[in-house]
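Pasting in a structure now, in structure tokens, and then I'll have a few things to ask.
FYI, it's all coordinate maths here, none of it is from the lab. Just so it is clear, the model here is predicted, and its values are computed rather than measured. Every residue, glycine among them, receives a Cβ derived from its backbone with ideal geometry; neighbour counts consider all protein chains shown.
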């Protein structure tokens, strides 16, 4: 049973609706941003990137105070939806400072800032829709961060974020396969990137890693820890995302959504995975 009625209760409701509003969720690297760009660039959908919102509206000054790109002026245009590398650089990786690692206490501080910014960015969605969704843009796509599952409680019927976005949009989980997860791991091994972790999960993962390696925090190789943390993190996140889809939205397999080339492709796919009848 859903905690909140689907915005489009069945296939017919989706088919007849003149305004499509969706929120894409799931692991990083499964195509949320790619699909959003197709909808926005090719078909004029209003695109709300949560990562862009985090960087441009909430962490902008903090990022430029700590990054080395001091020649970039402090304005929102310094960020691009297509290039959010400054946000990743700001989050950083904990570990040995000689390997560009952050002191763990500083890393924790930035993690907390990211959490607060992501929560605010998600709660901004209804006002953003009400303000910006008007002709000629009559359809909306929200491209969420891969860490959405860390800031919500899908088992709480009154979760302030999930209830807010479910009221305004259809939540769609891009459901990964085991094969695709292995590809994401291989990709991460080649290029470890900064991640957001929930505080208790991060502290335990950091402690376990240091104990296993028998080293202190300032001896940790940042990339090695990032890979270790990533493998732990995706196992932790998968069941949470599954529960979000079960209680708050629908899921579409990655194998299907990866074939999408246009808005009509996506509309047909969503139609297939919505219930036949109300309830």
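Over the chain, what relative contact order in percent results from Cα pairs under 8 Å that are six or more residues apart?
35
To make sure I understand, if each residue's beta carbon is the centre and we count other beta carbons within 10 Å, what order do 145, 216, 88 fall in, fewest to most?
Lowest to highest Cβ neighbour count: 216, 88, 145.
Hey, what angle do you get for helix 263-273 against the long axis of the chain, alpha-carbon based, 0 to 90 degrees rounded to 10?
With rounding to tens, the tilt is 80 degrees.
Within a 10 angstrom radius of the beta carbon, how do 215, 41 rank from fewest other beta carbons to most?
Fewest-to-most Cβ neighbours within 10 Å comes out as 41, 215.
Using only Cα atoms and rounding to the nearest 10 degrees, what angle (0 to 90) does helix 104-123 make with the longest principal axis of the chain?
Taking Cα atoms only, the helix is inclined about 10 degrees.
A further question on this structure: For each of 228, 48, count neighbouring Cβ atoms within 10 Å of the residue's Cβ, then give the residues from fewest to most.
Least to most surrounded, the residues fall as 228, 48.
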